[in-house]
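Asker: Submitted below is the structure of interest, expressed as structure tokens.
Values in this text are rule-based calculations from the coordinates and carry no lab data. Please read these numbers as outputs of a predicted model, since none were measured by experiment. Glycine gets a Cβ as well: all are built from the backbone with ideal geometry, and neighbour counts include every protein chain shown.
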Number of protein chains: 2
Amino acid sequence: MADQPNQGPSRRQFLTSAAALGAGAGISAVAGSASAATPDPLITEVQDWASGLGDGVDASPYGVPIQFEGDVIRRNVEWLTADTISSINFTPIHALDGTITPQGCAFERHHSGAIELKKEDYRLMINGLVDTPLVFSYEDLERFPRQNHTYFLECAANTGMEWAGAQLNGAQFTHGMIHNMEYSGVTLRTLLEEAGLDAAGDLKDKWVYVEGADASSNGRSIPMEKALDDCLIAFKANGEALRMEHGYPVRLVVPGWEGNMWVKWIRRIEVMDGPVESREETSKYTDVLEDGTARKWTWVMDAKSIVTSPSPQAPIKHGHGPLVITGLAWSGHGKITRVDVSKDGGKTWETARLGKEGEDKALTRFYLDTEWNGEEMFLQSRAIDETGYVQPTKTQLREVRGLNSIYHNNCIQTWWVKADGEAENVEVS
Amino acid sequence: MADQPNQGPSRRQFLTSAAALGAGAGISAVAGSASAATPDPLITEVQDWASGLGDGVDASPYGVPIQFEGDVIRRNVEWLTADTISSINFTPIHALDGTITPQGCAFERHHSGAIELKKEDYRLMINGLVDTPLVFSYEDLERFPRQNHTYFLECAANTGMEWAGAQLNGAQFTHGMIHNMEYSGVTLRTLLEEAGLDAAGDLKDKWVYVEGADASSNGRSIPMEKALDDCLIAFKANGEALRMEHGYPVRLVVPGWEGNMWVKWIRRIEVMDGPVESREETSKYTDVLEDGTARKWTWVMDAKSIVTSPSPQAPIKHGHGPLVITGLAWSGHGKITRVDVSKDGGKTWETARLGKEGEDKALTRFYLDTEWNGEEMFLQSRAIDETGYVQPTKTQLREVRGLNSIYHNNCIQTWWVKADGEAENVEVS
């Protein structure tokens, strides 16, 4: 390592001297390294890790993140629910990049806890208005043609605490009831056709009722049109088996629709003449309007987006100059075609760059490569999907839906970024 | 659960009675459930997991696979190397589906062990023929525009033990030195331009020399054309931080080129007038031909494919009838456009179905939905990429390269599937 970097008029000098303002010893040492007066020992000296052997390939049978990433984990909010058995934890979206959510940090919602169900003990029944009621073992399911699709799953209650005002301080907590994985499985259409749908007569008015093997059963009604469109009986997520907490060995995937319908440990699919009007689609997962009536069958997750960094859990620590603003956008109606970012609470907008072309009903990463010199920002993002739908403001949403709702809050979120780079969840009028 | 499936002339009856032939109690119970005479208690009785509460959302800060998947792990082959510090383990590709490889089971190759390097202690130097030598901290890197791309990484030695004949019995061991992840990072071009490439004059003949922070340093030379094309300085894989064993906090991504060049814990990039001819590109990672001379600069991983199931570690256990044959295909030259499957050792071929359209320099999943009635099969797959290149047979490869090579064996692989569904690694002439 004989070469020493020279002091020069480069952008990098700007970066490091700016960085030294906002952070600790590590960053300062870099700035020092650019100056001949204070050599950076990390550059000039042979470090421990370069002078000896590291760990072997068998250190862990299943690899987990390095200890320094111990804060990039799902988190619960204790006051939200009385017990973790019927609770939620949140994906650390403020700390992730790209679009895939690793299973290890993908949020969970349990209605009666996560159950441990062996493949050998797994059965899936299709009954009701079909020619031949069927029971499939796990091995049976593996014998039907499989598909691979990446889809987001968003809980209907994601951002639900924000209806009445800014409450939870962090993208993980306001928007972390979401994940995005590549699923492998058999289409629900394939299995329904295997059971023979002829008995159902005109399919247009038919429904399926789906339930899980856990004690809650979490039964939901799905119109036949959706059941035959793009639903999957999935065994794998991001290539490997579903995690126990995500429904091992088999869950239902209902692309673009609220997460509660993605029944985990799915055990039964009944073809019916109409919906069941179960607990999970009447007293829960309906939207109470201003006049006290409730909207029901509000399945689709409308277009939505969130700036993940900077955000309350991901403040700007590197000082002034170049700044990458990034976040996620998604729509249950299809592809994201554009994301705009505002720094002034929605007065003016800049079009963000998409990490890659929007995919059908999947998370899309956006970036705004910009400059920041300590000015206060009211950061917002708004998503636009292929139908032309534009993500609404909180005010627009309240005009239609009032303040009584919990579910389906897809409003534009605001982070107040202060001069010191810290960010806070606020409302702008 | 009042409904009982009826015995009927469905495909399912075929499935389950077939399944009963080949496997244990679980499968037999399913077959039984289809008959009124032997009700399946898994269908007719309330099970433990449906009659009580499961685990809460806080069971594990970072989620790992369920205990029943304890065999879906990276595996070492002890006789391949003297020590795990300078060894390899293999991705369990026989047990995965889709295209994404989870970090937890993505193979590792260490030359002097995996090192533990904090973000705060991380530095990346660019020096040599540039206007301004630069040193970047981790935080500096995060301030440049980022991209997201899914790429495969294949070790040059993948399938290397098979040159002389069929040796390792399992897709994990013959083809498991590969993984496929979505990377987020900054382009190498961006950082080189930041340092000012003008000093390098005509870039056409220039090279970069890249080295890692571990004791091996693993230095490699890369032509400037590739460095400026699609190389990434990556911080994240599948959304989250790189695992320690994959180069945390930063590794080089060299799409489509041999994995050894994807330097982990990357610490220095020197712009030079020519290649260094380092250990890793002379005594290693060159291909010894029949006459004793060695090919060098054989960077690109040519089009290749492998049937992952059925395979020696994934025998057919469900008996006769419908069978899904599946596997992976990839090319360092671009997209996979077609995969063919042969059941008779290459005499006749059927075109497989791609799980989704081939992506540039990324794994592509293929499926052949077929029937199997106990006949012996010599299963092969061959990949075709967008350049029109067709994966060669082992005979074709040997004609050109002889038997002395280790690296860059992309020949067609054969699994002999026997009447009992077990499979074995064999050669067909």
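Asker: Give, as a single signed number, the net charge of other residues whose beta carbon lies under 10 Å from the beta carbon of B:Ser405, with Lys and Arg counted +1 and Asp and Glu -1.
Answerer: Working: positive: B:Arg295, B:Arg398, B:Arg401; negative: B:Asp287, B:Glu290.
Net of charged neighbours comes to +1.
Asker: At 222 nm, what value in deg cm²/dmol follows for chain B if DSSP H runs of at least 4 each add -39500 (n - 2.57) and the sum is divided by all its residues, to the nearest 500?
Answerer: -3000 deg cm²/dmol
Asker: Considering every residue in A:118-126, what mean count of other chain Cβ atoms within 10 Å of its Cβ is obtained?
Answerer: Average per residue, whole number: 5.
Asker: Using only alpha carbon pairs under 8 Å that are at least six residues apart, calculate the relative contact order of the range B:221-320 and give it in whole percent.
Answerer: The normalised contact order for the range B:221-320 reaches 19 percent.
Asker: How well do other chains shield peptide B:204-213, expressed as the mean number of their Cβ atoms within 10 Å of each residue Cβ?
Answerer: Other-chain Cβ atoms within 10 Å of each residue's Cβ, averaged: 1.
Asker: Give me a single rounded figure for B:406-419: the average over its residues of other chain Cβ atoms within 10 Å of their Cβ.
Answerer: 0
Asker: While we're looking at this one, here's another question. Where nothing but the Cβ of Lys and Arg (+1) and of Asp and Glu (-1) is charged, how large is the charge dipole of the range B:304-426 around its Cα centre, in debye to the nearest 20?
Answerer: Once rounded to the nearest 20, the dipole reads 360 debye.
Asker: Please give me the summed charge of the neighbours of B:Pro92: other residues whose Cβ is under 15 Å from its Cβ, Lys and Arg +1, Asp and Glu -1. Don't jump to the answer; show the numbers that get you there.
Answerer: Values: positive: A:Lys236, B:Arg74, B:Arg75; negative: A:Asp58, A:Glu240, B:Glu69, B:Asp71, B:Asp97, B:Glu108.
Net of charged neighbours comes to -3.
Asker: Given a cut-off of under 8 Å on Cα pairs at least six residues apart, what relative contact order in percent is computed for the range A:93-295?
Answerer: About 27 percent, as a whole number.
Asker: Taking Cα pairs under 8 Å and at least six residues apart, what relative contact order does chain A come out at, in percent?
Answerer: Normalised by residue count, the contact order of chain A is 16 percent.
Asker: Let me ask another. How would you rank A:317-323, A:98-104, highest first, on the average number of other Cβ atoms within 10 Å across their residues?
Answerer: Those peptides, ordered most packed to least, come out A:98-104, A:317-323.
Asker: My understanding is that a pair violates if its Cα-Cα distance is over 24 Å; which of A:Lys304/B:Lys118; B:Lys296/B:Lys394; B:Lys335/B:Lys394; B:Lys347/B:Lys418; B:Lys356/B:Lys394; A:Lys317/B:Lys118 do that in this structure?
Answerer: From A:Lys304/B:Lys118; B:Lys296/B:Lys394; B:Lys335/B:Lys394; B:Lys347/B:Lys418; B:Lys356/B:Lys394; A:Lys317/B:Lys118, over 24 Å: A:Lys304/B:Lys118; B:Lys356/B:Lys394.
Asker: While we're looking at this one, here's another question. Between the label point of A:Glu376 and that of the same position in each other copy, find the distances and list them shortest first in nm, with every label point placed 7 Å from Cα along the Cα-to-C-beta direction.
Answerer: 8.2
Asker: Take each of the peptides A:242-253, A:270-281, average the number of other beta-carbon atoms within 10 Å over its residues, and list them starting from the highest.
Answerer: By packing density, highest mean first, the sequence is A:242-253, A:270-281.
Asker: Here is a further query. Any idea what the A:Met272 label distances to the other copies are, label 7 Å down the Cα→Cβ vector, nm, shortest first?
Answerer: Sorted ascending, the copy-to-copy spacings read 7.1 nm.
Asker: Something else: Measuring label to label, 7 Å along Cα→Cβ, what does A:Lys284 give against each other copy in nm, shortest first?
Answerer: For A:Lys284, the other copies' label points sit at 5.4 nm, shortest first.
Asker: Continuing with this model, one more query. Taking a cut-off of 22 Å, what percent of all Cα-Cα pairs in the range B:294-419 are separated by more than that?
Answerer: On the way: 2875 of 7875 pairs.
Within the range B:294-419, distances greater than 22 Å cover 37 percent of Cα pairs.
Asker: Note down the net charge around B:Gly274, summing +1 for each Lys or Arg and -1 for each Asp or Glu among other residues with Cβ under 9 Å from its Cβ.
Answerer: -2
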